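Worksheet: the structure to be examined is printed underneath.
The values are calculated or read from the model by the stated rules, or taken from the named source; none is laboratory data. The shown structure was predicted, so the numbers you read here are calculated from the model rather than taken from an experiment. Cβ atoms come from the backbone with ideal geometry, glycine included; neighbour counts cover every protein chain shown. Ligands, DNA and RNA are excluded from the accessible area calculation, which covers all protein heavy atoms including side chains. Shrake-Rupley method; radii C 1.70, N 1.55, O 1.52, S 1.80 Å.
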Amino acid sequence: MSVSTVNPALTPNRPNRSRPTRDTRVRRNVVENDDYARFVRRVITAYGRRIASGDIEGLATLAELAHELDDVLEHTIHGLRDSGFSWNDIATRLQVSRQAAHQRWGGNPS
């Protein structure tokens, strides 16, 4: 058995088993999306500040992250559509018109 490298203070609800049982998989805690999104936003902002302060070598990586985020957004929107959400539902959350959302992401998934 390997030694756990998980910091218990950062993961207080993590089970103490090496392999979760079927029961713990069913009752798994859900990551709070708003908290997670704020964390990701802080990380990306900090990375941008570091690059802006003179780390020009990181500029290409930041641009790659932007492209990857666009790909993930497209995949997410197609997944939401497949799950039954309307273009109006999606557009409302993105604060764009239904037509604008459909024009940008309405094609076939890549």
query: Extension gain ARG93-ALA63, at 0.36 nm per residue separation less the Cα-Cα distance, in nm?
result: 8.3 nm
query: So, counting K/R as plus one and D/E as minus one, what does the shell of residues with Cβ under 14 Å around GLU57 add up to?
result: -1
message: Given the whole protein assembly as supplied and a 1.4 Å probe, what does the accessible area of TYR47 come to in Å², nearest 10?
response: 50
